[in-house]
1. In the full protein assembly as shown, how much of ARG60 is accessible to a 1.4 Å probe, in Å² to the nearest 10?
2. Whose amide H sits under 5 Å from the amide H of VAL466, counting only residues 5 or more places off or on another chain, with H placed in the peptide plane?
3. How large is the helix-only mean residue ellipticity at 222 nm for the chain, computed as the sum of -39500 (n - 2.57) over DSSP H runs with n ≥ 4, divided by its residue count, in deg cm²/dmol to the nearest 500?
4. At 0.890 mPa s and 25 °C, plugging the Kirkwood radius over alpha-carbon pairs of the chain into Stokes-Einstein gives what diffusion coefficient in µm²/s?
5. Any idea how far apart HIS469 and VAL259 come out in nm if each label point goes 7 Å out from Cα toward Cβ?
6. Where in the chain are the helices, taken as whole DSSP H runs, whose Cα atoms extend 15 angstrom or more along the long axis and whose Kyte-Doolittle mean reaches at least 1.0?
7. Which net charge results for the neighbourhood of PRO232, defined as the other residues with beta-carbon distances under 13 angstrom from its beta-carbon, given Lys and Arg at +1 and Asp and Glu at -1?
8. Just want to confirm a number: the relative contact order over the chain, from Cα pairs under 8 angstrom separated by 6+ residues, in percent.
Amino acid sequence: MSAPAPGILLSTTRIWKPVQSLAALTVVRVAVLALLFLAPIYFDLAHVIIDDPDIWWHMRTGQWIATHHALPTTDEFSQFGMGKPWAAYSWTFELLMYKLYAWFGLAGIFAYMMAMHAAILGATYWLLRTVAGDFWKAIALTAVAYFAFFDNLGPRPGLFTILFFIVQLGLLLRARRSGSFLPLLWLLPMYAFWANVHVQFVYGIFVLGVAAGEPVLRKLLRLGPDPDNRLPADRMWMVLIGCCFATLLNPYSYRVWSVIFGYMGQVGAYNFIDELRAPNFRSPTHFAAVFALAGAFYAYGRRQRHSIFTLLLLIAGMVIALRSLRDLWFGVVLAVAAIPSQATDAESSSWTLGRRNTAIAVAAVLLGTCAIGYLTKFSNEHLDYAVEAIFPVKAARYIREHNLPGPIYNDFNWGGYLIWSLPELPVSIDNRMNVHGDERIKRSTATWDSLPEWSFDKELANARLVIGHSNAALTGTLRMNPKYRVVYEDLRAVV
(Lines give C-alpha, C1' and ligand atoms only; values in the text may rest on other atoms or scores of the structure.)
Protein backbone atom coordinates (compact mmCIF):
# COMPACT_ATOMS: atom_id res chain seq x y z
CA MET A 1 0.00 0.00 0.00
CA SER A 2 1.56 3.28 -1.10
CA ALA A 3 1.98 6.18 1.29
CA PRO A 4 0.01 9.37 0.66
CA ALA A 5 1.77 12.09 -1.17
CA PRO A 6 3.50 14.70 1.05
CA GLY A 7 1.57 17.46 -0.69
CA ILE A 8 -1.73 15.89 0.31
CA LEU A 9 -0.57 15.57 3.94
CA LEU A 10 0.52 19.20 4.00
CA SER A 11 -2.81 20.39 2.58
CA THR A 12 -4.76 18.26 5.07
CA THR A 13 -2.72 19.64 7.97
CA ARG A 14 -3.30 23.21 6.84
CA ILE A 15 -7.04 22.63 6.74
CA TRP A 16 -7.30 20.53 9.92
CA LYS A 17 -5.41 22.86 12.26
CA PRO A 18 -7.70 25.86 11.71
CA VAL A 19 -10.71 23.56 12.10
CA GLN A 20 -9.28 22.28 15.38
CA SER A 21 -8.59 25.83 16.56
CA LEU A 22 -12.09 26.98 15.63
CA ALA A 23 -13.69 23.99 17.38
CA ALA A 24 -11.60 24.56 20.51
CA LEU A 25 -12.50 28.26 20.53
CA THR A 26 -16.19 27.41 20.18
CA VAL A 27 -15.99 24.96 23.09
CA VAL A 28 -14.29 27.62 25.22
CA ARG A 29 -16.94 30.18 24.36
CA VAL A 30 -19.78 27.79 25.16
CA ALA A 31 -18.11 26.91 28.46
CA VAL A 32 -17.56 30.57 29.38
CA LEU A 33 -21.15 31.47 28.53
CA ALA A 34 -22.44 28.59 30.66
CA LEU A 35 -20.19 29.60 33.57
CA LEU A 36 -21.42 33.18 33.29
CA PHE A 37 -24.94 31.95 34.10
CA LEU A 38 -23.95 29.27 36.59
CA ALA A 39 -21.94 31.63 38.81
CA PRO A 40 -24.93 33.67 40.08
CA ILE A 41 -27.07 30.52 40.24
CA TYR A 42 -24.47 28.93 42.49
CA PHE A 43 -24.36 32.05 44.65
CA ASP A 44 -28.17 32.06 44.97
CA LEU A 45 -28.39 28.40 45.93
CA ALA A 46 -25.33 28.44 48.19
CA HIS A 47 -26.67 31.47 50.09
CA VAL A 48 -30.37 30.69 50.25
CA ILE A 49 -32.11 33.77 51.57
CA ILE A 50 -35.30 35.79 51.16
CA ASP A 51 -34.65 39.03 52.99
CA ASP A 52 -36.86 41.38 51.02
CA PRO A 53 -39.40 43.05 53.36
CA ASP A 54 -41.85 43.84 50.54
CA ILE A 55 -42.50 40.34 49.22
CA TRP A 56 -44.83 39.54 52.13
CA TRP A 57 -47.36 42.31 51.60
CA HIS A 58 -47.17 41.59 47.87
CA MET A 59 -48.21 37.99 48.58
CA ARG A 60 -51.00 39.09 50.91
CA THR A 61 -52.30 41.43 48.21
CA GLY A 62 -52.20 38.56 45.73
CA GLN A 63 -54.16 36.41 48.16
CA TRP A 64 -56.74 39.18 48.56
CA ILE A 65 -57.11 39.43 44.78
CA ALA A 66 -57.46 35.65 44.41
CA THR A 67 -60.05 35.51 47.21
CA HIS A 68 -62.19 38.46 46.13
CA HIS A 69 -61.69 38.09 42.35
CA ALA A 70 -61.20 41.86 42.19
CA LEU A 71 -58.50 44.48 42.69
CA PRO A 72 -58.38 46.52 45.90
CA THR A 73 -59.20 50.20 45.65
CA THR A 74 -58.62 50.97 49.35
CA ASP A 75 -56.01 49.83 51.86
CA GLU A 76 -56.96 46.70 53.79
CA PHE A 77 -53.78 46.07 55.75
CA SER A 78 -52.77 49.02 57.96
CA GLN A 79 -54.43 51.01 60.71
CA PHE A 80 -53.54 54.35 59.16
CA GLY A 81 -54.53 53.48 55.60
CA MET A 82 -57.63 51.41 56.40
CA GLY A 83 -60.35 52.43 53.98
CA LYS A 84 -58.25 55.08 52.27
CA PRO A 85 -57.66 54.97 48.48
CA TRP A 86 -54.86 52.65 47.43
CA ALA A 87 -53.99 51.08 44.08
CA ALA A 88 -52.34 47.65 43.84
CA TYR A 89 -50.44 48.75 40.74
CA SER A 90 -48.28 45.57 40.75
CA TRP A 91 -51.33 43.30 40.88
CA THR A 92 -50.06 40.91 38.18
CA PHE A 93 -46.84 40.31 40.08
CA GLU A 94 -48.71 39.96 43.39
CA LEU A 95 -51.11 37.38 42.03
CA LEU A 96 -48.18 35.47 40.51
CA MET A 97 -46.29 35.46 43.83
CA TYR A 98 -49.29 34.21 45.78
CA LYS A 99 -49.93 31.42 43.29
CA LEU A 100 -46.27 30.37 43.32
CA TYR A 101 -46.32 30.27 47.11
CA ALA A 102 -49.60 28.34 47.17
CA TRP A 103 -48.21 25.75 44.75
CA PHE A 104 -44.56 25.43 45.84
CA GLY A 105 -44.11 27.33 49.11
CA LEU A 106 -41.18 29.69 49.46
CA ALA A 107 -39.33 27.60 46.87
CA GLY A 108 -41.70 29.06 44.26
CA ILE A 109 -40.73 32.60 45.23
CA PHE A 110 -37.06 31.68 45.16
CA ALA A 111 -37.46 29.98 41.78
CA TYR A 112 -39.06 33.15 40.39
CA MET A 113 -36.10 35.17 41.62
CA MET A 114 -33.56 32.79 40.08
CA ALA A 115 -35.44 32.64 36.77
CA MET A 116 -35.54 36.43 36.59
CA HIS A 117 -31.83 36.59 37.44
CA ALA A 118 -31.11 34.31 34.48
CA ALA A 119 -33.42 36.30 32.20
CA ILE A 120 -31.80 39.61 33.17
CA LEU A 121 -28.34 38.16 32.68
CA GLY A 122 -29.35 36.77 29.29
CA ALA A 123 -30.93 40.07 28.24
CA THR A 124 -27.81 41.96 29.28
CA TYR A 125 -25.63 39.61 27.22
CA TRP A 126 -28.00 40.00 24.24
CA LEU A 127 -27.90 43.81 24.59
CA LEU A 128 -24.12 43.85 24.61
CA ARG A 129 -24.05 41.43 21.69
CA THR A 130 -26.04 44.09 19.85
CA VAL A 131 -23.57 46.90 20.51
CA ALA A 132 -20.21 45.11 20.93
CA GLY A 133 -18.15 43.46 18.20
CA ASP A 134 -16.17 41.08 20.38
CA PHE A 135 -17.31 38.04 22.33
CA TRP A 136 -14.98 38.56 25.26
CA LYS A 137 -15.87 42.24 25.56
CA ALA A 138 -19.56 41.34 25.70
CA ILE A 139 -18.93 38.65 28.33
CA ALA A 140 -16.76 40.95 30.47
CA LEU A 141 -19.23 43.84 30.38
CA THR A 142 -22.13 41.51 31.15
CA ALA A 143 -20.29 40.19 34.20
CA VAL A 144 -19.46 43.72 35.41
CA ALA A 145 -23.03 44.91 34.92
CA TYR A 146 -24.60 41.95 36.68
CA PHE A 147 -22.22 42.22 39.60
CA ALA A 148 -22.83 45.97 39.90
CA PHE A 149 -26.60 45.71 40.30
CA PHE A 150 -26.72 42.31 42.00
CA ASP A 151 -27.96 43.95 45.22
CA ASN A 152 -31.05 45.15 43.32
CA LEU A 153 -32.18 41.64 42.40
CA GLY A 154 -34.48 40.65 45.27
CA PRO A 155 -37.86 38.99 44.60
CA ARG A 156 -39.67 42.16 43.57
CA PRO A 157 -41.72 43.40 40.63
CA GLY A 158 -38.74 45.64 39.84
CA LEU A 159 -37.04 42.61 38.28
CA PHE A 160 -39.53 42.89 35.42
CA THR A 161 -38.60 46.56 35.04
CA ILE A 162 -34.88 45.76 34.78
CA LEU A 163 -35.55 42.99 32.25
CA PHE A 164 -37.92 45.04 30.09
CA PHE A 165 -35.68 48.09 30.21
CA ILE A 166 -32.70 46.08 28.92
CA VAL A 167 -34.80 44.51 26.15
CA GLN A 168 -36.15 47.91 25.14
CA LEU A 169 -32.68 49.44 25.01
CA GLY A 170 -31.46 46.63 22.76
CA LEU A 171 -34.42 47.00 20.40
CA LEU A 172 -34.03 50.77 20.34
CA LEU A 173 -30.32 50.66 19.53
CA ARG A 174 -30.95 48.17 16.72
CA ALA A 175 -33.75 50.32 15.30
CA ARG A 176 -31.60 53.46 15.37
CA ARG A 177 -28.79 51.63 13.60
CA SER A 178 -30.92 49.90 10.97
CA GLY A 179 -33.47 52.66 10.40
CA SER A 180 -36.38 50.22 10.74
CA PHE A 181 -38.94 50.88 13.46
CA LEU A 182 -40.51 47.41 13.13
CA PRO A 183 -38.51 45.94 16.06
CA LEU A 184 -39.94 48.70 18.25
CA LEU A 185 -43.48 47.46 17.68
CA TRP A 186 -42.69 44.72 20.21
CA LEU A 187 -42.66 47.48 22.82
CA LEU A 188 -46.44 48.01 22.56
CA PRO A 189 -47.50 44.66 24.10
CA MET A 190 -44.53 44.84 26.44
CA TYR A 191 -45.70 48.17 27.88
CA ALA A 192 -49.26 46.87 28.18
CA PHE A 193 -47.91 44.16 30.49
CA TRP A 194 -45.25 46.34 32.11
CA ALA A 195 -47.87 48.84 33.33
CA ASN A 196 -49.65 46.01 35.15
CA VAL A 197 -46.56 44.75 36.94
CA HIS A 198 -44.50 47.80 38.01
CA VAL A 199 -44.76 51.59 37.82
CA GLN A 200 -41.11 52.09 36.94
CA PHE A 201 -42.08 51.60 33.31
CA VAL A 202 -41.69 55.37 33.39
CA TYR A 203 -37.91 54.85 33.07
CA GLY A 204 -38.47 53.17 29.73
CA ILE A 205 -40.79 55.98 28.63
CA PHE A 206 -38.07 58.46 29.57
CA VAL A 207 -35.53 56.76 27.29
CA LEU A 208 -38.03 56.68 24.42
CA GLY A 209 -38.68 60.38 25.03
CA VAL A 210 -34.97 61.16 24.80
CA ALA A 211 -34.75 59.19 21.53
CA ALA A 212 -37.74 61.05 20.08
CA GLY A 213 -36.58 64.47 21.24
CA GLU A 214 -32.94 64.16 20.18
CA PRO A 215 -33.51 65.26 16.53
CA VAL A 216 -35.37 68.34 17.79
CA LEU A 217 -32.51 69.20 20.12
CA ARG A 218 -29.92 68.73 17.38
CA LYS A 219 -31.85 71.16 15.18
CA LEU A 220 -32.00 73.72 17.97
CA LEU A 221 -28.24 73.39 18.44
CA ARG A 222 -27.70 73.39 14.66
CA LEU A 223 -25.73 70.17 14.78
CA GLY A 224 -27.32 68.40 11.85
CA PRO A 225 -28.60 64.81 11.88
CA ASP A 226 -26.97 62.11 13.99
CA PRO A 227 -24.99 59.85 11.61
CA ASP A 228 -25.55 56.89 13.97
CA ASN A 229 -29.33 57.29 13.88
CA ARG A 230 -31.17 56.23 10.70
CA LEU A 231 -34.60 56.02 12.31
CA PRO A 232 -37.05 58.69 11.03
CA ALA A 233 -38.10 61.09 13.79
CA ASP A 234 -41.82 60.76 13.05
CA ARG A 235 -41.65 56.97 13.50
CA MET A 236 -39.94 57.41 16.86
CA TRP A 237 -42.68 59.79 18.02
CA MET A 238 -45.31 57.27 16.89
CA VAL A 239 -43.66 54.56 18.99
CA LEU A 240 -43.42 56.86 22.03
CA ILE A 241 -47.08 57.88 21.83
CA GLY A 242 -48.16 54.28 21.24
CA CYS A 243 -46.23 53.06 24.29
CA CYS A 244 -47.75 55.82 26.46
CA PHE A 245 -51.23 54.73 25.41
CA ALA A 246 -50.30 51.08 26.06
CA THR A 247 -49.59 51.94 29.71
CA LEU A 248 -53.26 52.88 30.10
CA LEU A 249 -54.29 49.26 29.46
CA ASN A 250 -54.50 48.43 33.15
CA PRO A 251 -57.40 48.23 35.62
CA TYR A 252 -56.55 51.62 37.11
CA SER A 253 -56.21 53.30 33.69
CA TYR A 254 -54.65 56.79 33.88
CA ARG A 255 -54.61 56.66 37.70
CA VAL A 256 -51.46 54.54 37.55
CA TRP A 257 -49.67 57.70 36.45
CA SER A 258 -50.89 59.52 39.56
CA VAL A 259 -49.06 56.87 41.60
CA ILE A 260 -45.87 57.75 39.72
CA PHE A 261 -46.28 61.48 40.35
CA GLY A 262 -46.99 60.75 44.01
CA TYR A 263 -43.72 58.84 44.34
CA MET A 264 -41.83 61.62 42.56
CA GLY A 265 -42.97 64.10 45.21
CA GLN A 266 -42.09 61.79 48.09
CA VAL A 267 -38.43 62.70 48.60
CA GLY A 268 -38.21 62.55 52.40
CA ALA A 269 -38.05 58.76 52.45
CA TYR A 270 -34.67 58.93 50.73
CA ASN A 271 -33.23 60.05 54.07
CA PHE A 272 -34.62 57.18 56.14
CA ILE A 273 -34.74 54.04 53.99
CA ASP A 274 -31.39 52.39 53.32
CA GLU A 275 -32.13 51.18 49.79
CA LEU A 276 -33.18 54.68 48.75
CA ARG A 277 -30.01 56.34 49.98
CA ALA A 278 -27.04 57.15 47.79
CA PRO A 279 -24.24 54.58 47.44
CA ASN A 280 -22.01 54.65 50.53
CA PHE A 281 -19.19 52.60 48.92
CA ARG A 282 -19.27 50.00 51.67
CA SER A 283 -19.97 47.34 49.08
CA PRO A 284 -17.81 46.32 46.08
CA THR A 285 -20.91 46.51 43.89
CA HIS A 286 -20.96 50.29 44.39
CA PHE A 287 -17.41 50.58 43.07
CA ALA A 288 -18.29 48.37 40.10
CA ALA A 289 -21.18 50.70 39.23
CA VAL A 290 -18.97 53.80 39.38
CA PHE A 291 -16.31 51.98 37.36
CA ALA A 292 -18.89 51.24 34.66
CA LEU A 293 -20.13 54.85 34.60
CA ALA A 294 -16.60 56.26 34.48
CA GLY A 295 -15.67 53.83 31.71
CA ALA A 296 -18.72 54.89 29.71
CA PHE A 297 -17.87 58.60 29.90
CA TYR A 298 -14.24 57.86 29.03
CA ALA A 299 -15.26 55.76 26.00
CA TYR A 300 -17.69 58.48 24.91
CA GLY A 301 -15.02 61.16 25.12
CA ARG A 302 -12.62 59.18 22.91
CA ARG A 303 -15.06 58.90 20.02
CA GLN A 304 -14.78 61.09 16.99
CA ARG A 305 -18.55 61.35 16.56
CA HIS A 306 -20.58 62.27 19.63
CA SER A 307 -24.25 61.32 20.01
CA ILE A 308 -26.44 63.64 22.08
CA PHE A 309 -28.73 60.66 22.70
CA THR A 310 -25.91 58.71 24.35
CA LEU A 311 -24.68 61.71 26.32
CA LEU A 312 -28.13 62.54 27.71
CA LEU A 313 -28.70 58.95 28.76
CA LEU A 314 -25.32 58.73 30.45
CA ILE A 315 -25.96 61.93 32.41
CA ALA A 316 -29.42 60.74 33.45
CA GLY A 317 -28.03 57.33 34.35
CA MET A 318 -25.29 58.84 36.49
CA VAL A 319 -27.68 61.15 38.37
CA ILE A 320 -30.30 58.48 39.04
CA ALA A 321 -27.81 55.73 39.93
CA LEU A 322 -25.81 57.88 42.36
CA ARG A 323 -28.99 59.24 43.93
CA SER A 324 -30.40 55.91 45.10
CA LEU A 325 -29.09 52.39 45.55
CA ARG A 326 -32.40 50.98 44.37
CA ASP A 327 -31.88 52.54 40.94
CA LEU A 328 -28.19 51.70 40.59
CA TRP A 329 -29.07 49.24 37.83
CA PHE A 330 -30.42 52.07 35.63
CA GLY A 331 -27.07 53.83 35.34
CA VAL A 332 -25.13 50.58 35.02
CA VAL A 333 -27.21 49.28 32.09
CA LEU A 334 -26.88 52.56 30.21
CA ALA A 335 -23.16 52.70 30.97
CA VAL A 336 -22.19 49.21 29.75
CA ALA A 337 -24.27 49.73 26.61
CA ALA A 338 -22.34 52.94 25.87
CA ILE A 339 -18.82 51.59 26.45
CA PRO A 340 -18.35 49.55 23.24
CA SER A 341 -18.69 51.20 19.86
CA GLN A 342 -21.64 50.13 17.74
CA ALA A 343 -20.88 46.90 15.91
CA THR A 344 -21.94 46.29 12.33
CA ASP A 345 -24.08 43.29 11.53
CA ALA A 346 -21.09 41.55 9.95
CA GLU A 347 -18.96 42.08 13.03
CA SER A 348 -21.59 40.89 15.45
CA SER A 349 -22.46 37.81 13.40
CA SER A 350 -18.81 36.76 13.18
CA TRP A 351 -18.63 35.78 16.82
CA THR A 352 -22.13 34.55 17.63
CA LEU A 353 -22.36 30.97 18.87
CA GLY A 354 -25.25 29.86 16.71
CA ARG A 355 -28.42 28.11 17.77
CA ARG A 356 -26.88 24.69 18.33
CA ASN A 357 -24.08 25.92 20.56
CA THR A 358 -26.44 28.24 22.42
CA ALA A 359 -28.73 25.26 23.04
CA ILE A 360 -25.74 23.32 24.39
CA ALA A 361 -24.92 26.21 26.74
CA VAL A 362 -28.54 26.37 27.94
CA ALA A 363 -28.59 22.61 28.54
CA ALA A 364 -25.33 22.87 30.50
CA VAL A 365 -26.82 25.65 32.65
CA LEU A 366 -29.96 23.62 33.37
CA LEU A 367 -27.97 20.52 34.29
CA GLY A 368 -25.59 22.62 36.37
CA THR A 369 -28.49 24.22 38.19
CA CYS A 370 -29.96 20.83 39.08
CA ALA A 371 -26.56 19.61 40.27
CA ILE A 372 -25.97 22.71 42.41
CA GLY A 373 -29.48 22.46 43.88
CA TYR A 374 -28.87 18.81 44.77
CA LEU A 375 -25.43 19.45 46.28
CA THR A 376 -26.62 22.43 48.33
CA LYS A 377 -29.73 20.48 49.45
CA PHE A 378 -32.05 23.29 48.42
CA SER A 379 -35.47 22.91 50.05
CA ASN A 380 -38.35 24.78 51.61
CA GLU A 381 -36.93 23.90 55.02
CA HIS A 382 -33.75 25.84 54.21
CA LEU A 383 -35.82 28.81 53.09
CA ASP A 384 -37.98 28.72 56.21
CA TYR A 385 -34.85 28.72 58.34
CA ALA A 386 -33.42 31.67 56.38
CA VAL A 387 -36.64 33.67 56.81
CA GLU A 388 -36.70 32.87 60.53
CA ALA A 389 -33.23 34.41 60.89
CA ILE A 390 -34.43 37.75 59.48
CA PHE A 391 -38.13 38.19 60.29
CA PRO A 392 -40.09 37.73 63.55
CA VAL A 393 -41.45 34.32 62.62
CA LYS A 394 -41.59 32.84 66.14
CA ALA A 395 -42.88 36.06 67.68
CA ALA A 396 -45.72 36.26 65.16
CA ARG A 397 -46.55 32.61 65.84
CA TYR A 398 -46.72 33.32 69.58
CA ILE A 399 -49.05 36.28 69.03
CA ARG A 400 -51.31 34.18 66.81
CA GLU A 401 -51.39 31.15 69.13
CA HIS A 402 -52.18 33.28 72.21
CA ASN A 403 -54.68 35.53 70.40
CA LEU A 404 -52.99 38.69 71.69
CA PRO A 405 -55.18 41.70 70.89
CA GLY A 406 -54.22 44.84 68.99
CA PRO A 407 -53.76 47.56 68.05
CA ILE A 408 -50.21 46.59 67.17
CA TYR A 409 -47.17 48.85 66.93
CA ASN A 410 -44.38 47.53 64.75
CA ASP A 411 -41.13 48.38 62.97
CA PHE A 412 -41.24 49.77 59.41
CA ASN A 413 -39.31 46.86 57.88
CA TRP A 414 -41.39 44.21 59.64
CA GLY A 415 -44.75 45.60 58.60
CA GLY A 416 -44.85 43.61 55.36
CA TYR A 417 -44.13 40.30 57.10
CA LEU A 418 -46.74 40.99 59.78
CA ILE A 419 -49.32 41.77 57.10
CA TRP A 420 -48.68 38.26 55.79
CA SER A 421 -48.34 36.35 59.08
CA LEU A 422 -50.94 38.23 61.18
CA PRO A 423 -53.69 39.27 58.77
CA GLU A 424 -56.16 39.74 61.62
CA LEU A 425 -54.04 42.56 63.11
CA PRO A 426 -53.67 45.65 60.86
CA VAL A 427 -50.11 46.94 61.15
CA SER A 428 -49.16 50.42 62.27
CA ILE A 429 -46.78 50.91 59.36
CA ASP A 430 -45.23 48.97 56.49
CA ASN A 431 -43.04 49.50 53.42
CA ARG A 432 -45.75 50.94 51.18
CA MET A 433 -44.43 54.50 51.07
CA ASN A 434 -47.35 55.80 49.04
CA VAL A 435 -49.71 54.76 51.85
CA HIS A 436 -47.83 56.15 54.84
CA GLY A 437 -45.94 59.15 53.48
CA ASP A 438 -42.69 60.80 54.51
CA GLU A 439 -43.83 62.23 57.85
CA ARG A 440 -45.14 58.94 59.22
CA ILE A 441 -41.99 57.11 58.14
CA LYS A 442 -39.85 59.80 59.77
CA ARG A 443 -41.85 59.67 63.00
CA SER A 444 -41.75 55.86 63.15
CA THR A 445 -37.98 55.87 62.59
CA ALA A 446 -37.49 58.43 65.38
CA THR A 447 -39.66 56.41 67.75
CA TRP A 448 -37.79 53.17 67.17
CA ASP A 449 -34.51 55.04 67.61
CA SER A 450 -35.91 56.06 71.02
CA LEU A 451 -35.32 59.73 70.36
CA PRO A 452 -36.75 62.11 73.02
CA GLU A 453 -40.07 62.50 71.19
CA TRP A 454 -40.83 58.76 71.33
CA SER A 455 -43.18 59.24 74.29
CA PHE A 456 -45.33 61.60 72.20
CA ASP A 457 -46.03 59.00 69.51
CA LYS A 458 -49.81 58.59 69.73
CA GLU A 459 -49.83 55.32 67.82
CA LEU A 460 -47.40 53.80 70.32
CA ALA A 461 -49.43 55.16 73.22
CA ASN A 462 -52.63 53.64 71.84
CA ALA A 463 -51.07 50.26 71.04
CA ARG A 464 -51.77 47.24 73.23
CA LEU A 465 -49.13 45.17 71.52
CA VAL A 466 -45.59 46.16 70.50
CA ILE A 467 -43.25 43.94 68.49
CA GLY A 468 -39.71 45.03 67.76
CA HIS A 469 -36.12 43.97 67.19
CA SER A 470 -34.48 42.58 70.29
CA ASN A 471 -31.65 45.11 69.89
CA ALA A 472 -33.77 48.14 68.91
CA ALA A 473 -33.34 51.25 71.04
CA LEU A 474 -37.09 51.51 71.71
CA THR A 475 -37.17 47.88 72.87
CA GLY A 476 -34.58 48.65 75.54
CA THR A 477 -36.49 51.78 76.58
CA LEU A 478 -39.80 49.92 76.94
CA ARG A 479 -38.15 47.20 79.03
CA MET A 480 -37.53 49.80 81.74
CA ASN A 481 -40.97 51.38 81.47
CA PRO A 482 -43.50 50.00 84.02
CA LYS A 483 -46.37 50.47 81.54
CA TYR A 484 -45.00 47.65 79.39
CA ARG A 485 -44.10 44.03 80.13
CA VAL A 486 -42.35 41.43 78.01
CA VAL A 487 -44.61 38.50 77.11
CA TYR A 488 -42.33 36.86 74.56
CA GLU A 489 -38.69 37.13 73.56
CA ASP A 490 -36.20 35.37 71.34
CA LEU A 491 -32.92 36.28 69.65
CA ARG A 492 -34.77 38.11 66.88
CA ALA A 493 -37.80 39.83 68.39
CA VAL A 494 -39.45 40.99 71.61
CA VAL A 495 -43.20 41.22 72.20
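The values are calculated or read from the model by the stated rules, or taken from the named source; none is laboratory data. Since this is a predicted model, take the numbers as computed values, not measurements. Note: ideal-geometry Cβ built from the backbone for every residue, glycine included; neighbour counts use all protein chains shown. Keep in mind that these areas ignore ligands, DNA and RNA; they rest on the heavy atoms of the full protein, side chains included. Shrake-Rupley method; radii C 1.70, N 1.55, O 1.52, S 1.80 Å.
1. Approximately 30 Å² for this residue.
2. TYR409
3. The per-residue figure over the chain is -20500 deg cm²/dmol.
4. Details: Rh = 25.4 Å.
Result for D is 97 µm²/s.
5. 2.9 nm
6. Values: long enough: 6-46 (57 Å, 1.32); 55-68 (20 Å, -0.44); 91-104 (19 Å, 0.59); 106-131 (38 Å, 1.32); 135-148 (20 Å, 1.45); 158-178 (30 Å, 1.28); 201-220 (29 Å, 1.30); 233-246 (20 Å, 1.31); 284-302 (27 Å, 0.73); 308-323 (22 Å, 2.46); 328-338 (16 Å, 2.46); 354-375 (31 Å, 1.09); 433-448 (20 Å, -1.11).
Those that pass (Cα extent of 15 Å or more, hydropathy at least 1.0) are 6-46, 106-131, 135-148, 158-178, 201-220, 233-246, 308-323, 328-338, 354-375.
7. Working: positive: ARG176, ARG230, ARG235; negative: GLU214, ASP226, ASP234.
Value of the local net charge: 0.
8. 19 percent
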